[in-house]
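Trainee: Okay, here's the structure, questions in a sec.
The values are calculated or read from the model by the stated rules, or taken from the named source; none is laboratory data. It should be emphasised that the depicted structure is a prediction, and the values quoted were computed from it without experimental measurement. Every residue, glycine among them, receives a Cβ derived from its backbone with ideal geometry; neighbour counts consider all protein chains shown.
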Amino acid sequence: MLYIIPTPIGNLQDITLRALEVLKTADAILCEDTRRTQILLSHFGISKPTYRYNENDERSVNRCLELLRNRHNCALVSDCGTPCISDPGWKLVRAAVKEGMKVSSLPGPSAVACALAGAGITGGAFTFLGFLPRKPGKASKLIAQAYSLNVPVVLYESPYRVVKMLTLIGDTLGEQTPVVVARELSKVYEEWVRGTAKDVAELFAKKVKVQGEFVIIIDRPSDEQEENNDADF
């Protein structure tokens, strides 16, 4: 059995009781980074064999598959959040399903869900793009296509590129495009910033050092939101 285990995106107390139970009873834990996973396991007093899972290394994928073929119960984790969602794991899941192995996906922490709930801008549809391509042209095209669907667009970004990404959003959709930026979700220095793409980009550009992982939500202008709401009736 392959278990997909979401792990905390920041606060270690956010792990579920069921996730802990599976980690305690699994024969092996497949990790994005064994050092990061060991911090979590040590915190909860769990001692289990860990194996690094490298999505881009076929030998790594096959080694993990071999554990499953030998009837081992394996728990797949990423550094934080839900595996396979802008994180490694989907190739192993696909291969396991193809071979007829059982796969169980546990609910749990997800940065995209956490950010959307706290943003207060939608209770329905949205488009999730994850991490965008590094080339500005490709990223701009994806943003424009997603935004044309008239629902909020959610993407992930690193602290090293967040200003460039916010600037790109402004260049693509207009500097006054409203955004919600969530940083360091569930951690001590959690921060929420709301404003236009231009203003938020300038705010982070002024900081001496930008840290933490970012979730950026591209919203619709308030007048468009009202028009869309009226169209529902």
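Trainee: Just checking, does segment 79-101 include any residue being charged (D, E, K, R) and within 16 Å of the chain's Cα centre (by Cα)?
Mentor: So far as segment 79-101 goes, yes, one or more of its residues are charged (D, E, K, R) and within 16 Å of the chain's Cα centre (by Cα).
Trainee: Let me ask something additional. With the requirement that a residue be in a loop (DSSP other than H, G, I, E, B), over 16 Å from Ala26 (Cβ atoms) and without any contact (Cβ under 8 Å) to a residue 60 or more places away in the chain, what does segment 61-108 give you?
Mentor: Ile85, Asp87, Pro88, Glu99, Gly100
Trainee: Right, next: Consider Ala182 against the criteria (1) surrounded by fewer than 18 Cβ atoms within 10 Å (Cβ to Cβ); (2) under 21 Å from Ile85 (Cβ atoms); (3) not charged (D, E, K, R): it satisfies all of them except one. Which criterion is unmet?
Mentor: (1)
Trainee: Pull out all pairs, ordered by first then second residue, where Cβ-Cβ is under 8 Å, the residues are six or more apart or on different chains, the first lies in segment 192-206 and is assigned by TED's automatic domain parsing to the domain that holds Val180, and the second is assigned to a helix (DSSP H, G or I) and surrounded by fewer than 15 Cβ atoms within 10 Å (Cβ to Cβ).
Mentor: So the pair list comes out as Val193/Leu203; Gly195/Leu203.
Trainee: When you check Ala146 against the structure, is it more than 30 Å from Leu12 (Cβ to Cβ), aliphatic (A, V, I, L, M), surrounded by 16 or more Cβ atoms within 10 Å (Cβ to Cβ) and touching an Asp or Glu at 6+ places or on another chain (Cβ under 7 Å), yes or no?
Mentor: Criteria not met by Ala146.
Trainee: Another question, if that's okay. Tell me which residues, restricted to segment 181-209, are among the small types (Gly, Ala, Ser) and part of a loop (DSSP other than H, G, I, E, B).
Mentor: Ser186
Trainee: Condition test on Pro159, is it assigned to a loop (DSSP other than H, G, I, E, B), within 19 Å of the chain's Cα centre (by Cα), surrounded by 13 or more Cβ atoms within 10 Å (Cβ to Cβ) and not assigned by TED's automatic domain parsing to the domain that holds Cys31?
Mentor: Yes, satisfied.
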